[in-house]
Amino acid sequence: MTKRPKFSVVIPAHNEEQYIGKCLRSVRSAAKYVLPDTVEIIVVANRCNDRTAEIAAQYGARIAENDAKCIAAIRNTGAAAANGEILVTLDADSMMTKYSLREIRELLGSGRYIGGGANPKFDRMSLGIAFSALYVAVNLLPVMIRNGGYLSGAMFWCRKTDFDAVGGFDESLVSLEDMDFAKRLKAYGKAAGKRYGTLKHSYVLTSSRKFDEFGDWYLIKNRRLTKRIFTGRDKQAADTFYYDVR
């Protein structure tokens with residue numbers, strides 16, 4: 001009988017040959033602190049025409065495929081293929097810190113948490129990026145207030161059974177699917193007397209590649225597009241910023 005992995009780390013990837021190796025090395029490094037053979041990695045190849053899948057396979061990742069221009073659907077494909085008890089989602093241009101999986105295991109093992117997220121840090125900073133982050137935070141504040149306050153994302157973690165119970169990511173959303181998932185997971189946990197948590201000692205180091213591609217002041221200069229993305233349902237805006245870039 002095949003041993004059931006403790007963790008399934010799901011990584012959506014669209015032409016990520018430049019970043020996927022760094023991402024997977026970070027997962028393998030974190031796996032050392034929870035026993036490597038208890039961690040499976042699932043890379044969901046999304047319309048890739050580069051070496052993303054080849055590189056992922058070299059790191060021992062399982063490859064799933066989904067061609068939708070919808071990150072919610074791509075993540076759900078990886079979750080459906082997962083065998084682990086604990087589900088973790090991570091973007092391909094990001095890296096988890098080395099104690100991330102151990103901290104997740106401890107928080108879920110305490111019985112006090114339904115799941116949660118992690119705080120992100122950019123791999124570089126500039127005045128434009130700092131003002132952009134502030135602008136995004138201010139514009140999302142009403143949404144966060146409606147959802148009961150700040151809910152961390154960047155790297156979601158929860159038990160697979162709870163992910164399935166809340167219905168995974170909402171595939172009718174082309175953006176803000178992460179905030180929607182966090183809201184529903186928090187509500188589901190509250191009904192069971194559990195909290196939505198944020199990793200305290202671990203974080204996610206994410207690339208600044210969107211700023212590299214568009215410019216550090218792009219979100220400020222294109223505020224109309226940014227607000228359209230914040231609706232969660234504007235496919236044209238999401239395609240422009242996320243899905244048709246590379």
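The values are calculated or read from the model by the stated rules, or taken from the named source; none is laboratory data. Treat the numbers as computed from the prediction; the structure is a model and nothing was measured. Methodologically, a virtual Cβ is constructed for each residue, glycine included, from the backbone with ideal geometry; neighbour enumeration extends over all protein chains shown.
Observations
- Selection within segment 174-202 - out of contact with any helix residue (DSSP H, G or I) (no Cβ under 8 Å at 6 or more places or on another chain) and assigned to a loop (DSSP other than H, G, I, E, B): A192, G193, K194
- Here is the figure for segment 26-51: residues that are under 18 Å from N15 (Cβ atoms) and outside any strand (DSSP E or B) total 6.
- Identity of the residue in segment 30-46, crowded, with 17+ Cβ neighbours inside 10 Å and of a type outside the set (A, V, I, L, M, F, W, C), that ends up modelled with the lowest pLDDT: T38
- Residue within segment 57-68 that is assigned to a helix (DSSP H, G or I), surrounded by fewer than 20 Cβ atoms within 10 Å (Cβ to Cβ) and at pLDDT 95 or above present: yes
- Look at segment 178-200: where a residue is within 17 Å of V88 (Cα to Cα) and a partner is part of a helix (DSSP H, G or I) and β-branched (V, I, T), sitting 6+ places away or on another chain with Cβ atoms under 8 Å, you get M179/V143; L199/I104.
To keep it simple, each residue is scored yes or no on (1) touching a strand residue (DSSP E or B) at 6+ places or on another chain (Cβ under 9 Å); (2) among the hydroxyl-bearing types (S, T, Y); (3) on the phi > 0 side of the Ramachandran plot; (4) surrounded by fewer than 17 Cβ atoms within 10 Å (Cβ to Cβ).
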position: S94; (1), (2), (3), (4): yes, yes, no, no
position: T97; (1), (2), (3), (4): yes, yes, no, no
position: G115; (1), (2), (3), (4): yes, no, yes, no
position: S126; (1), (2), (3), (4): no, yes, no, yes
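- Of the set (1) touching a helix residue (DSSP H, G or I) at 6+ places or on another chain (Cβ under 9 Å); (2) in contact (Cβ under 8 Å) with a residue 12 or more places away in the chain, all apply to L107 but (1).
- G168 passes every criterion in (1) closer than 30 Å to V39 by Cα; (2) outside any loop (DSSP other than H, G, I, E, B) apart from (2).
- Options G111, G149; residue that is at pLDDT below 95, loosely packed, with under 12 Cβ neighbours inside 10 Å and on the phi > 0 side of the Ramachandran plot: G149
- Residue, modelled with the highest pLDDT, within segment 210-233, restricted to residues that are of a type in the set (D, E, K, R) and surrounded by 15 or more Cβ atoms within 10 Å (Cβ to Cβ): D216
- Selected residue (only one of R124, R102 is touching a residue at least 40 places away in the same chain (Cβ under 8 Å), of a type in the set (K, R) and part of a loop (DSSP other than H, G, I, E, B)): R124
- Here G167 fulfils each of the conditions (1) surrounded by fewer than 14 Cβ atoms within 10 Å (Cβ to Cβ); (2) touching a residue at least 24 places away in the same chain (Cβ under 8 Å) apart from (2).
- Residue satisfying all of: in segment 176-206; basic (K, R), surrounded by fewer than 18 Cβ atoms within 10 Å (Cβ to Cβ) and under 23 Å from I145 (Cβ atoms); nearest to the chain's Cα centre (by Cα) among these: R184
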